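Right, one structure below, let's go through it.
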Amino acid sequence: MLAAAIISIFNFQFSTLQAQTDPIVIEVGDQQIRQSEFLKEFNANVGQQLNRKGDVTTAEKRAALEEYVDLYATFRAKLLDAHVRGFDTAAALQDELMRYRKELAAPYLIDSTVLQQLLAEAYERNHYSLHAAHILVSTPLYATPEDSLNAYNTAMGLYNRIVNGGEDFFEVAVEYLRKTKPEVTPRPNEGDLGFFSVFDMVYPFENAAYALQVGEVSKPVRTRYGFHIIKLLDRVEGLYGRVTLAHIWLHSTDSSTRRNDIYNIYNELSQGLEFASLARQSDDRTTSRNGGMLGDVSLSQLPAEYVHKLVDMKNGEFSKPFFTQYGWHIIKLIKRDTLPQPEDLEGFYKQRMARDLRGEESRKTFAANSRKKYGIVDCTTTPIIEKGRKKKNAPVKMMASLDELSRVVPDSVRQARWRINESLFTDTTALIVTPSKRYTSLDVGRYIYRQQKRGQREDMQVYLRHRYENFLDSVSIDYADSQLEKEYPDFAQIVDEYRRGLMIFNYNDAMIWHKAINDTIGFADFYARESRTKRLDNPDDSIYFFHPRARVTVIDVADAEALEATKAQKIIEKARKKSLGSNEMKAQLLKKVDQKKYAAENLVTIGVEQVEQTRQRLLADDQWQPGVYTVAKDNGYRLLVVEEVLPRSLKGIREARGYYLNAWQNEVEQQLNEDLWKKYNVKIHRDVVRKITF
């Protein structure tokens, strides 16, 4: 009893203190919004903006605060009603929220130290472009150890022939291609990759290439395609991204042929003649008629000789003639990209890393760190602690193994033909243990089933181990993901704000916008009330009225020689006085045409239009009265028969729907807000609001 009394006294004192230091501003249902919570929302949405202006008066601040407190009370009432009506559990809202949360969580689920190192490395490499060639000894990434060793030995043999034996790199490349792919015709420069930069090649290849000196050949480099032997042919600095250029190309098989022709063009360029006009002499038929423009291209799309010339060129400059295996060339640089600042490239780099082994590296590091941080146990690598082991060097036994996966998962999984039979998974031993869940062979099997792809030729044990490690990383990252709201209050707040925003949008859509649109009777009553308040002499009401409108019969005569315009106008004026219809008018005109000389089928076309003044191009300003008017047109003419002109008038509910609908929705919302204030007994403590300063 004494303890209960003490607790009661403490709670009373705490409540009293809280009421003094953080009083209640708004009450909505059983919810109490205190001053600290209200001010946080107010400052984020209004207060900070007002304070930044600097010239806002105290009265203006007070008015903004008073307005916002009402708006926020209504917002909280809507939020509560949306929750009561189940808007927060709607599947569409949950899906949208999860998509947003996934994007928001991504930066939290990678190792920031590794990421920053990779970003810095990518930016440094972006200062240089490399020209390299390679020989590829193909083998799957997860081949058997024997197959991997055989491929490596083959690659080492080729490397030794080039580096130690002194053989020409390209001759070895041609010979190896003929041996392994006799159906393919080798190129003289077989294996030449042209110029490339960061992200253009798979990451291990890029690493090896950027580590080479010009002329150096790498030892075999492993990528998912196999083993590469790389020769660095050139390295240039200062070229980034894409270039826009034009060229003049004269085809030649040797440097003496057409040399005079290209230098004559160069001399004319030097004298000020336009590059575009001289480009018509180019043998490149696809660009010669377009000023020689190659357009916006990457360095990898250009011959190496073009890249060398571009290094020292400025925008608008053209090169001296130079010779390649294709002939003689002159190029003109139109514009080139420049390397942005690191912070401007960070978003782009992160996007590319998501599809690159760089991103995988930071992801794996984060997963490993998460296992340590949260105590996630990989039982396949955790030894059983045995007391009194008899043999000192006896094999260490692990808490779990992948034996059941090896037994149950068939070879067909590597061709995406496995159909999982979950009843075959009987081992309930945990492979992975997180603070909230145990994962068994069945969980891993389900993961492998979802991830299976065609063309996986690697060793089965290697395949299963690799898939298990991927699953382990996913489990580790998913658990870290589940803890984000607890560990990062700012993250939790942003997610909650987005959730509330989605709820309010869907709530407004259902309770206001669509309700107003579907309530045709209510809208008709609203139109009847509102339309009576509109006045022709009020400029603000002009959108609710038609401008003068005219009903016009439009007659087009294709050939003036078949029927003179003055004659046709007299015929139509008589027809109009007789109130003849459009088809009868057409018939009257065709009677006066020589049918043998002129084909009557398409000679006269006729139609009826209703046009509104200031919103049409059919009638001139002096044609806005009943009558017949003639307008010249190509080889013929047009007759405009203005039947009647209607004065300005109020638009009907159909024509003015868009203008009235917004006001109708506002009225529906206002009524909803009033109902919500009553339903949830919304109360604003004005005495507290008056004391708030910001």
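What to note about this one:
- Residues satisfying the stated conditions in the range 243-276, i.e. hydroxyl-bearing (S, T, Y) and in contact (Cβ under 8 Å) with a residue 12 or more places away in the chain: T244, S252, T253, S255, Y263, Y266
- All positions within the range 202-223 that are among the polar types (S, T, N, Q) and not in a helix (DSSP H, G or I): Q213, S218, T223
- Residue pairs meeting the criteria (Cβ under 7 Å; at least 6 apart or on separate chains; first without any contact (Cβ under 8 Å) to a residue 40 or more places away in the chain, in the range 480-498; second hydroxyl-bearing (S, T, Y)): none
- Flag if N11 is modelled with pLDDT under 85 and under 40 Å from the mean Cα position of the chain (by Cα): no
- Flag for R535 being in contact with a helix residue (DSSP H, G or I) (Cβ under 7 Å, 6 or more places away or on another chain), of a type in the set (K, R), farther than 30 Å from T139 by Cα and without any contact (Cβ under 8 Å) to a residue 24 or more places away in the chain: yes
- One residue from N369, N315 being more than 26 Å from Q461 (Cβ to Cβ), of a type in the set (S, T, N, Q) and either modelled with pLDDT of 95 or more or surrounded by 14 or more Cβ atoms within 10 Å (Cβ to Cβ) (or both): N369
- Scan of the range 177-195 for residues that are out of contact with any strand residue (DSSP E or B) (no Cβ under 6 Å at 6 or more places or on another chain) and either assigned to a loop (DSSP other than H, G, I, E, B) or buried (at least 18 other Cβ atoms within 10 Å of the Cβ) (or both), ordered by number: L177, K181, P182, E183, V184, T185, P186, R187, P188, N189, E190, G194
- Every listed requirement among (1) hydrophobic (A, V, I, L, M, F, W, C); (2) under 59 Å from the mean Cα position of the chain (by Cα); (3) not in a strand (DSSP E or B) is met by I571 save one, (2).
- Selected residue (criterion: nearest to the chain's Cα centre (by Cα)) from residues of the range 92-138 that are polar (S, T, N, Q) and not in a helix (DSSP H, G or I): N126
- Residues located in the range 292-313, provided they are out of contact with any Lys or Arg (no Cβ under 9 Å at 6 or more places or on another chain) and either of a type in the set (D, E, K, R) or on the phi > 0 side of the Ramachandran plot (or both): G295, E305, D312
- Filter result for K231 (under 18 Å from G157 (Cα atoms) and assigned to a loop (DSSP other than H, G, I, E, B)): no
- Scanning the range 264-301 for residues that are out of contact with any strand residue (DSSP E or B) (no Cβ under 8 Å at 6 or more places or on another chain) and of a type in the set (D, E, K, R), we see that the one that is nearest to V198 (Cα to Cα) is R285.
- Evaluation of S148 against (1) over 28 Å from S300 (Cα atoms); (2) more than 41 Å from the chain's Cα centre (by Cα) (one fails), failing number: (2)
The values are calculated or read from the model by the stated rules, or taken from the named source; none is laboratory data. Because the structure is predicted, anything quoted here is derived from the model rather than measured. Here the Cβ is made from the backbone with ideal geometry for all residues, glycine too, and neighbour counts use every protein chain on show.
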